[in-house]
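Let me begin by presenting the structure, written as structure tokens, before commenting on it.
The values are calculated or read from the model by the stated rules, or taken from the named source; none is laboratory data. What you see is a predicted model, and the numbers here were worked out from it, not measured in a lab. Because the Cβ atoms are built from the backbone with ideal geometry, glycine has one as well, and the counts that use them run over all protein chains shown.
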Amino acid sequence: MSSTPLHNLDLGAARFIELQLSLVLHQVFDIPALKSAALALRTEFIPSPDPELQGMWKSKTLDKTLKEALPYLQDISTTHLIDSTVLNHLVSFEESWKDQFFPRALIIHVVSLIDACLIHFTVQHPFCDANGVYRIANAYCALLDSKTIPPLGPRSPLELREETGTNSISSPLEPASERHKAFFAHGWSSLLTGGWRQHKNQWGSHGPKRVEKTTMIPDFVIDRLAKDAEGEAIRVTRHDLLMAWIHNVCICQHLFHMKLLADHHNYGQATMPDISQLTKNQGSGPPNFSFIMNIARLLENDPEFHNPWLVITLPDLEASSLSEHSAILAAANHIRAAIVDARRLEPVRQILQQHEHVRDTPMGPRDWGCREPNVAVSSWTNLALYDLEFASGEGRRNKPVFVQVGVKVCPMLKLSGLFFADGILTWRGKDGFWIQGCLDEVSWAKMCDFEMFQ
């Protein structure tokens, strides 16, 4: 791979984050074969003069069956909430101080069980996005199957296509760009302030405490919402509806919590507020809801192994739209309108300009670590994670029986006790959309409450 330096988006919101992909295979594998494929993968993707893997590869054997290690997989279709940390702990290893302060761009952990194998990829986010993580896993599968992988092209600089640069720099600030500017803060002091705020809210009495969970939104929920949207002539995607479900859960719960605080002297009589209160209570600042938008189609070169995405903050819902549709459909329609608007060339150009100084001054959410919801959703639903095939020594090809993805802060921040609060990843499963992230307990309970659809 070319040594083209990281571009500004690599060093923007992705700078202090790592991506994780855990694959559960109900098959025993030959560990030396897995290690050999990892070495070949490192040679192709991250050239190094060192002949050994040196920190990139770690493996261990546990005297447990898959049922004993991950009991919730026995009836995954009826398991509503999964403790993500169970699988995380299984694939974790002790890390040296050097590994934590200077983490490898790519790390592979393998855990061999009596009747199964766990393969875990950790990728530092500045190196690539979710598409890059998937390509790494796919290439690993090919090498394990004694196949060759196509060579990587050079890492290209971040440049918009020529036709995207026709607008004047003095153009009025676009709403999407204005919200982006208000959402992010620049500088080390902002990062330190956010870390202190998170410590105070997570471990003190302020709360609510965030916990890491995984859950699935079944297809029948999205099917019902899609049918309702079609009946009301609302043109949205299934993932728009999924994000609207998340938005509705997180924002409504926050408003209910605030009403409880306001009515603390009258316990038992507080009721869930109508979501239209959001138009009165939100304004600038948290609660915030944002999503990741890919801009690869607007770039001059193929953004292979880069981060061609922007954080788009959702504007406030209008009371008029809430009165015309149900809360979830109104949110889905609102999200689709925000996506269409943000995909225009001028908002993208203006937001990219806000990344000009990230090499010297890091950027991050202005309200990072706050008590209020500050939800950011990133979709992996375009990646066929359950179709990855791992060849065993017996010539069998095995697909994952379970997949878990995650987004975490980099080891240096993790060492300080910090974590990625309110970040949510989504991916497709066989029977619905999986959701993984770090929210408060009540929000997680409401996230998998499908009583109204049954």
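What to note about this one:
- Residue selected from the stretch 439-454 under the condition in contact (Cβ under 8 Å) with a residue 24 or more places away in the chain and not in a helix (DSSP H, G or I), by the criterion surrounded by the fewest Cβ atoms within 10 Å (Cβ to Cβ): Phe450
- Residues of the stretch 74-95 satisfying the condition of being small (Gly, Ala, Ser) and in contact with a Cys (Cβ under 8 Å, 6 or more places away or on another chain): none
- Residue check for Ser378: crowded, with 17+ Cβ neighbours inside 10 Å and not basic (Lys, Arg): yes
- Qualifying residue in the stretch 253-261 (condition: in a helix (DSSP H, G or I), of a type outside the set (A, V, I, L, M, F, W, C) and at pLDDT 95 or above): no
- For the stretch 224-243, the set of residues classified as over 23 Å from Thr78 (Cα atoms) and crowded, with 18+ Cβ neighbours inside 10 Å consists of Ala229, Ile234, Val236, Asp240, listed by residue number.
- Each residue in the stretch 203-213 was checked for being modelled with pLDDT under 85 and not small (Gly, Ala, Ser), and 3 of them qualify.
- For the stretch 361-389, the candidate set comprises residues that are of a type in the set (S, T, N, Q), at pLDDT 95 or above and assigned to a loop (DSSP other than H, G, I, E, B); within that set, the residue that is nearest to Leu192 (Cα to Cα) is Thr381.
- In the stretch 344-353, the count of residues that are surrounded by fewer than 17 Cβ atoms within 10 Å (Cβ to Cβ), part of a loop (DSSP other than H, G, I, E, B), of a type in the set (D, E, K, R) and within 24 Å of the chain's Cα centre (by Cα) is one or more.
- One residue stands out in the stretch 187-224 among those that are of a type in the set (Ser, Thr, Tyr) and touching a strand residue (DSSP E or B) at 6+ places or on another chain (Cβ under 9 Å): the one that is nearest to Gly423 (Cα to Cα), namely Thr214.
- Residue count for the stretch 330-359, restricted to those that are farther than 15 Å from Ile295 by Cβ and out of contact with any Ser or Thr (no Cβ under 6 Å at 6 or more places or on another chain): 11
- When the stretch 87-117 is filtered for residues that are out of contact with any His (no Cβ under 7 Å at 6 or more places or on another chain), within 28 Å of His26 (Cβ to Cβ) and free of Cβ contacts under 8 Å to residues at least 40 places away in the same chain, the ones remaining, listed by number, are His89, Leu90, Ser92, Glu94.
- Matching residues, the stretch 207-223, being of a type in the set (Lys, Arg) and either free of Cβ contacts under 8 Å to residues at least 60 places away in the same chain or buried (at least 17 other Cβ atoms within 10 Å of the Cβ) (or both): Arg210, Lys213
- Those residues of the stretch 201-236 which are in a helix (DSSP H, G or I) and among the acidic types (Asp, Glu), in sequence order: Asp219, Asp223, Asp228, Glu230
- Residue match in the stretch 107-116 (condition: within 23 Å of the chain's Cα centre (by Cα) and small (Gly, Ala, Ser)): no
- Leading residue by the ranking (farthest from Ser84 (Cα to Cα)) among those in the stretch 394-431 that are of a type in the set (A, V, I, L, M) and part of a strand (DSSP E or B): Val409
- Verdict on Phe121 being under 24 Å from Asp30 (Cα atoms) and aromatic (Phe, Trp, Tyr): yes
- The set of residues from the stretch 156-197 being surrounded by 12 or more Cβ atoms within 10 Å (Cβ to Cβ), of a type in the set (Asp, Glu) and either modelled with pLDDT under 95 or not in a loop (DSSP other than H, G, I, E, B) (or both) comprises Glu159, Glu178.
- Filtering Arg104, Arg42 for residues that are closer than 21 Å to Val409 by Cα, surrounded by 15 or more Cβ atoms within 10 Å (Cβ to Cβ) and modelled with pLDDT under 95 leaves a single hit, Arg104.
- Total residues in the stretch 107-154 satisfying the condition of being among the basic types (Lys, Arg) and surrounded by 23 or more Cβ atoms within 10 Å (Cβ to Cβ): the figure is 0.
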